[in-house]
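The values are calculated or read from the model by the stated rules, or taken from the named source; none is laboratory data. All figures in this text were calculated on a predicted structure; none of them were measured in a lab. Note that we place each Cβ from the backbone using ideal geometry, even for glycine, and neighbour counts take in every protein chain shown. Please note that ligands, DNA and RNA were not included when accessible areas were found on the heavy atoms of the full protein model with its side chains. Shrake-Rupley method; radii C 1.70, N 1.55, O 1.52, S 1.80 Å.
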Amino acid sequence: VLPTLDRDDQLEAAYLAQAVGWTSESIRMVNTAKLWDHLDLRFPLAYPNLYQRVSFVTTVPEPFLLAISRQESLFDPRARSSANARGLMQLLHSTAVLVAKRVGTTSPTTTDLYDPTINVELGGHHLARLLGRYGNRRPLAAAAYNAGEHRVDRWIGNASGKPMDVWIESIPFGETRKYVKNVMYFAQVYGQLQGESPPMLKVSEARVP
């Protein structure tokens with residue numbers, strides 16, 4: 001039905017979807033209709049208490065957590081990828097079990113990964129470890145979240161000192177290159193929506209280590 005509606009009705013449909021908790025479809029609607037200025041629909045502050053708590057516990061910036069989830073699942077807790085990554089932060093079961101072991105919590109089942117609390121907590125701890133590994137450089141952590149640490153280690157192996165924006169453009173996987181750009185952009189928007197004015201890249205992120 002949506003393609004038959006005019007822009008005003010498409011916008012109303014997107015707000016209706018958001019109101020009934022169909023966040024992922026609301027985002028898809030505004031993107032399809034190219035309603036770019038409606039940031040409250042395109043970048044919802046979903047599960048606010050959960051993301052705030054996980055950010056506090058893991059020290060991962062909340063806008064970055066939200067950006068990863070926005071990119072991974074459009075905040076659909078039932079999302080499942082072709083690679084069997086599940087939930088809000090699209091965790092593989094093997095990764096989730098490893099993270100749970102590292103933080104000393106019960107290993108989740110595959111069904112548990114559809115629980116927003118379990119998923120975001122484990123995803124947050126995984127992201128915190130990646131940030132620690134890469135000196136709190138969000139682009140590198142995002143790339144590793146998408147493509148794996150071993151690939152990122154290889155990609156930065158001969159790039160020490162290279163400007164980060166140049167390195168991002170040189171990521172050999174088109175999917176990961178787009179992923180990192182999206183996550184950084186989304187984190188910027190979420191920071192602004194929460195009253196912050198962060199730079200796109202922090203001084204500490206300006207270059208590859």
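For this structure, a couple of remarks:
- Loop-located trypsin sites (Lys or Arg not before Pro) in the range 14-71, at most 16 other Cβ atoms within 10 Å (DSSP): 34
- The chain: most fluctuating residue of 90, 52, 194 per GNM, C-alpha cutoff 10 Å: 194
- Stretch gain in nm, segment residue 34-residue 111, where the contour uses 0.36 nm per residue and the Cα spacing is subtracted: 24.3 nm
- Charged side chains reduced to their Cβ positions (Lys and Arg at +1, Asp and Glu at -1) give the range 12-112 a dipole of some 360 debye around its Cα centre.
- Stokes-Einstein diffusion of the chain at 25 °C, 0.890 mPa s viscosity, Kirkwood radius from Cα pairs, rounded to a whole number: 138 µm²/s.
- Per residue, the accessible area of the chain comes to 51 Å², computed with a 1.4 Å probe over protein heavy atoms only.
- Chymotrypsin sites (Phe, Trp or Tyr not before Pro) within the range 18-71: DSSP coil, no more than 10 neighbouring Cβ in 10 Å: 36
- Cβ crowding within 10 Å averaged over residues, with 71-78, 137-144 ranked highest first: 137-144, 71-78
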